[in-house]
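Each remark here refers to the structure printed beneath this line.
Rule-based calculations on the coordinates, nothing more; no lab input. Since the structure is predicted, the reported quantities are computational estimates derived from the model, not experimental observations. Every residue, glycine among them, receives a Cβ derived from its backbone with ideal geometry; neighbour counts consider all protein chains shown.
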Amino acid sequence: MDEAPVLVSVRAGYRVLTLNRPQRLNAVNEALHIALASALAEAEADPSCRAVMLTGVGRGFCAGQDLTDRLAKPGEKRALDDALGKYYNPLVRKLRTLRFPVVAAVNGVAAGAGANLALACDIVIAARSAAFIQAFARIGLVPDCGGTWFLPRLVGAARARGLSLLAEPLTAEKAEAWGLIWKAVDDAMLIPEAEKLCAHFASAPTIGLGLIKGALDAAETNDLSTQLDLERTLQQEAAGTPDFAEGVRAFLEKRTPSFSGRRS
Ligand code: T3D
């Protein structure tokens, strides 16, 4: 039997999803798409899951679309809108709207859709040896998987254009300096650091964190007045959670809060 394209490890309060096609730097084929979507759906359906870590086996995080599936016969035109509509776009939407944080632990090169898959996660930490490559222009494509949306917002227009048009590798350290990612860490510290973040999120006020994700995404298109109204609505929702009551009680009692992450 073929090895599973995504390995799932269930930990206390979170799950680790590991892309597992190391011989192709975890390039994405249809089987990996299906396995990843299903692993995310299972994590979402598990009330005890309060964070997800996404990482890769071997020396790559993810090299984007598996190009062996894209070789065209002379004169043949490949239709890619289906792949985006059926797999990549729902994947990005899912990551952005999951009710808990997703931590990308970028263990090696992240290229093409692999780079943007990482950027779609809530917190991106990368091994110092990793690099981010908007590889699309090297093969005549356009950054997808949210790249044209994330890049200018994260690093500004000039750097977004440089990265997209030149398709040069950006080191993890430079990615941190440019604000593309949360931080670069020593290779040996990548998984321990990512585990620490996930363990933190596993005992955090999960409903509130989910609302924060939504508020920050909405802020990208809302004007201030609309955003103020949204904050009002979301704050009311957050205030109705047991975690808000516990947070205030714990503060006043000078103790560490014990958040359930539950709505009621
Ligand atoms: O099609 C659609 O559905 C639309 C969506 C498109 C989204 C996209 O992601 S388009 C962009 C696709 N990705 C790329 O263009 C990146 C291709 N890979 C590379 O440029 C290089 O592999 C890297 C810069 C990422 C790493 O280079 P290096 O020198 O460290 O490794 P390598 O030797 O190139 O790769 C190792 C193996 O992985 C190699 O196989 P081999 O020769 O040992 O048998 C290589 O062919 C394979 N590999 C790497 N990336 C892919 C891949 N095989 C298939 N597809 C890949 N994307």
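Quick notes on this structure:
- Of all the listed residues (D229, D187), the sole one being farther than 28 Å from V248 by Cα and of a type in the set (D, E) is D187.
- Flag for R59 being within 16 Å of the chain's Cα centre (by Cα) and surrounded by fewer than 19 Cβ atoms within 10 Å (Cβ to Cβ): no
- Filtered residues of the stretch 49-75 (kept if more than 10 Å from the ligand (Cβ to nearest atom) and either among the polar types (S, T, N, Q) or touching a strand residue (DSSP E or B) at 6+ places or on another chain (Cβ under 9 Å) (or both)): C49, R50, A51, V52, M53, L54, T55, G56, V57
- Among the conditions (1) in contact with a Gly (Cβ under 8 Å, 6 or more places away or on another chain); (2) among the charged types (D, E, K, R); (3) within 14 Å of the ligand (Cβ to nearest atom), D82 misses just one, which is (1).
- Which listed residue, of A113, A105, is within 20 Å of A35 (Cβ to Cβ), touching a residue at least 60 places away in the same chain (Cβ under 8 Å) and either more than 16 Å from the ligand (Cβ to nearest atom) or not hydrophobic (A, V, I, L, M, F, W, C) (or both): A105
- Hey, A43 in contact with a helix residue (DSSP H, G or I) (Cβ under 9 Å, 6 or more places away or on another chain), among the small types (G, A, S) and touching a residue at least 12 places away in the same chain (Cβ under 8 Å) or not: no
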